[in-house]
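Q: Have a look at this one.
None of the figures in this text is laboratory data; all of them are computed from the coordinates on show. Being a predicted model, the structure only gives us computed values, none of them experimental. Cβ atoms come from the backbone with ideal geometry, glycine included; neighbour counts cover every protein chain shown.
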Amino acid sequence: MLDEIKKDAAERMAKSVNSLRQDLTKIRTGRAHTSLLDHITVEYYGSPVPLNQVSNVGVEDSRTLIITPWEKDMVQPIEKAIMGSDLGLNPSSAGTVIRVPLPPLTEERRKDMIRVVRQEAEGGRIAVRNIRRDAMHDIKELLKEKMIGEDEERRAEVEIQGITDKHVAEIDKLLAEKEAELMEV
């Protein structure tokens, strides 16, 4: 029973960390990378489809993404989807190729981005702590129902705290990496 609680808590915490990792890839740094456009969807025959399923997305140079749609008719919808996104990018098309130049980040914009990254990281820490709280509650319920003893309860709580500390440290590491990436000029 305790092993199930620990395993469930560890899996849920890992999912929270992975969710944060994905959210951080969407936050733009000065360099071009294809994951920047991963969350953009394009209208394709009446249904929203991820951009990477209707085109080839690549990096032309450190400040430019290049998108090659698989169908010529998709150039306009892709441009429209990128302009309508929250990224603030202005794509330009040359025939069947769309180039998306990334403007350089100003110092003020970098600081704003770091503030956003820190908020995302804190959200991740809160999610991990909430999972810990749920696991601790489940352990207390087992103790109350006399399914485990007090020694087992204390041991399990220490192990849950260890799992929590490990995932919070992972979040802190992701935060530090993203901050360093944002401050690169």
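Q: Starting from the 7 Å offset along Cα-to-Cβ, what nm value, one decimal, do you get for the label separation of Ile126 and Asp112?
A: So the label points at Ile126 and Asp112 sit 2.2 nm apart.
Q: Give, as a single signed number, the net charge of other residues whose beta carbon lies under 12 Å from the beta carbon of Glu153, with Lys and Arg counted +1 and Asp and Glu -1. If you can, show how the numbers build up before the last one.
A: On the way: positive: Lys140, Lys144, Lys146, Arg154, Arg155; negative: Asp138, Glu141, Glu145, Glu150, Asp151, Glu152, Glu157, Glu159.
Taking every Cβ under 12 Å from that of Glu153, the sum is -3.
Q: Along its three principal axes, how long is region 34-101 when you only count alpha carbons? Whole Å, largest extent first please.
A: So the three principal-axis extents are 34, 25, 17 Å.
Q: Still on this structure: With only Lys, Arg, Asp and Glu charged, each at its Cβ (+1 for the first two, -1 for the last two), find how big the charge dipole of the chain is about the Cα centre; round to the nearest 20 debye. All intermediate terms of the calculation are to be shown ahead of the outcome.
A: Working: 29 positive and 35 negative charges, 87 e Å.
Here the size comes out at about 420 debye.
Q: May I pose another question? Can you pull out the GluC sites (Glu not before Pro) in region 86-185 whose DSSP state is coil and whose Cβ has at most 16 other Cβ atoms within 10 Å? Can you show the working numbers first?
A: On the way: sites: Glu107, Glu108, Glu120, Glu122, Glu141, Glu145, Glu150, Glu152, Glu153, Glu157, Glu159, Glu170, Glu177, Glu179, Glu181, Glu184; in loops: Glu145, Glu184.
Filter output for region 86-185: Glu145, Glu184.
Q: On to the next question. What are the trypsin sites (Lys or Arg not before Pro) within region 118-185 that DSSP puts in a loop, where the Cβ has at most 12 other Cβ atoms within 10 Å?
A: Lys146
Q: Using the alpha-carbon atoms, what tilt in degrees (0 to 90, nearest 10) does helix 107-144 show relative to the longest principal axis of the chain?
A: 30
Q: Using only Cα atoms, find the angle between the long axis of helix 2-26 and the longest principal axis of the chain, and express it within 0 to 90 degrees, rounded to the nearest 10.
A: It works out to around 20 degrees.
Q: Could you list, bin by bin from short to long, the percent of Cα-Cα pairs of region 36-185 in 5 Å steps?
A: Distribution as computed: 2, 8, 13, 13, 10, 10, 10, 9, 7, 6, 5, 4, 2, 1, 0 percent.
Q: Taking the Cα of Ile27, stepping 7 Å toward and past its beta carbon, and measuring to each backbone N in region 150-185: which are under 19 Å?
A: The answer is 167-185.
Q: Moving to a separate point now. Would you calculate, for the chain, the mean residue ellipticity at 222 nm contributed by helices, counting each DSSP H stretch of 4 or more residues as -39,500 (n - 2.57) and dividing by all residues, to the nearest 500? Present the calculation step by step, with values, prior to reporting the outcome.
A: Numbers: 4 runs with 107 residues, N = 185.
Taken over the chain, the calculation gives -20500 deg cm²/dmol.
Q: Something else now. Please give the helix 150-183 orientation as an angle from the longest Cα principal axis of the chain, in degrees from 0 to 90, rounded to the nearest 10.
A: 20
Q: Still on this structure: Using modelled backbone amide H atoms (1.01 Å from N, in-plane), which distant-in-sequence or interchain residues come within less than 5 Å of Leu65's amide H?
A: Amide H neighbours of Leu65: Glu60, Val100, Leu102.
Q: Starting from the Cα of Val49, step 7 Å along the direction of its Cβ; do the same at Arg133; then give the gap between the two resulting points in nm.
A: The two pseudo-label positions are separated by 4.3 nm.
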